[in-house]
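Visitor: Starting off with a structure, shown below.
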Amino acid sequence: MWGLQRLKSSLSPHYSLGVPGVKRRTRYDIYMDTLETVRRKGMSAITRISYGANLPVDRAKKIVGFLADRGLVKEEEYGDTRGYRITARGGEFLEALRVVNSYLHEDYEEEE
């Protein structure tokens, strides 16, 4: 059991291993983790994004392609490698996701 607890603590807080009571990440959580990884690491290759967002490389390619099509990340070449950088619009979208996420995860007490 120690190994499972250790693995869970090392993963994203949104990640699920099929453990009861642990929710799976939503699509927007995955977008947020991907954009945060690109922002934190700067120019990032798809492998680095994959590791940072806890995604398989094939799924990371699809997510990054989706974000690039919408102008949230920009593909650039440096040397022989392609990498991705977050755009100003991507930064704004990331902040909006954080605000929405904070509303969804805060405790709500109804006033009487």
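The values are calculated or read from the model by the stated rules, or taken from the named source; none is laboratory data. Because the structure is a prediction, the values reported are computed rather than measured. Using ideal geometry, Cβ is built from the backbone for each residue, glycine included, and neighbour counts are taken over all protein chains shown.
Visitor: Among the residues in region 51-60, are any among the basic types (Lys, Arg) and either assigned to a helix (DSSP H, G or I) or touching a helix residue (DSSP H, G or I) at 6+ places or on another chain (Cβ under 6 Å) (or both)?
Guide: First, pick out the residues of region 51-60 that are among the basic types (Lys, Arg): 59.
Now drop any that are not either assigned to a helix (DSSP H, G or I) or touching a helix residue (DSSP H, G or I) at 6+ places or on another chain (Cβ under 6 Å) (or both), which leaves 59.
Yes; the residues of region 51-60 include at least one that is among the basic types (Lys, Arg) and either assigned to a helix (DSSP H, G or I) or touching a helix residue (DSSP H, G or I) at 6+ places or on another chain (Cβ under 6 Å) (or both).
Visitor: Pick from region 46-62 the residues that are of a type in the set (A, V, I, L, M) and surrounded by 14 or more Cβ atoms within 10 Å (Cβ to Cβ): which of them is nearest to GLY79 (Cα to Cα)? If you could, list the steps in order and put the result at the bottom.
Guide: First, pick out the residues of region 46-62 that are of a type in the set (A, V, I, L, M): 46, 49, 53, 55, 57, 60.
This time we only want the ones that are surrounded by 14 or more Cβ atoms within 10 Å (Cβ to Cβ), so: 46, 49, 53, 55, 60.
Values: ILE46: 15, ILE49: 18, ALA53: 24, LEU55: 25, ALA60: 22 Å.
Filtering first and then ranking leaves ILE46.
Visitor: Of the residues GLY79, GLY65, GLY91, which is exposed (fewer than 15 other Cβ atoms within 10 Å of the Cβ) and touching a residue at least 40 places away in the same chain (Cβ under 8 Å)?
Guide: Details: GLY79 fails: touching a residue at least 40 places away in the same chain (Cβ under 8 Å); GLY65 fails: touching a residue at least 40 places away in the same chain (Cβ under 8 Å).
One residue alone meets the criteria, GLY91.
Visitor: Separate question: So which residues in region 47-91 are aliphatic (A, V, I, L, M) and within 14 Å of TYR31 (Cα to Cα)?
Guide: Keep residues of region 47-91 that are aliphatic (A, V, I, L, M), which gives 49, 53, 55, 57, 60, 63-64, 67-68, 72-73, 86, 88.
Selection gives ILE49, ALA53, LEU55, ALA60, ILE63, VAL64, LEU67, ALA68, LEU72, VAL73, ILE86.
Visitor: Moving on. Kindly provide the set of residues from region 55-89 that are modelled with pLDDT of 95 or more and of a type in the set (S, T, N, Q), ordered by number.
Guide: THR87
Visitor: Hey, could you check region 34-45 for residues that are of a type in the set (A, V, I, L, M, F, W, C) and either exposed (fewer than 14 other Cβ atoms within 10 Å of the Cβ) or over 13 Å from the mean Cα position of the chain (by Cα) (or both) and say which is nearest to ARG98 (Cα to Cα)?
Guide: First, the residues of region 34-45 that are of a type in the set (A, V, I, L, M, F, W, C): 35, 38, 43, 45.
Subset that is either exposed (fewer than 14 other Cβ atoms within 10 Å of the Cβ) or over 13 Å from the mean Cα position of the chain (by Cα) (or both): 43, 45.
On the way: MET43: 22, ALA45: 24 Å.
Checked region 34-45; the qualifying residue nearest to ARG98 (Cα to Cα) is MET43.
Visitor: Can you find a residue in region 94-102 that is exposed (fewer than 13 other Cβ atoms within 10 Å of the Cβ), among the β-branched types (Val, Ile, Thr) and assigned to a helix (DSSP H, G or I)?
Guide: Scanning region 94-102 turns up at least one residue that is exposed (fewer than 13 other Cβ atoms within 10 Å of the Cβ), among the β-branched types (Val, Ile, Thr) and assigned to a helix (DSSP H, G or I).
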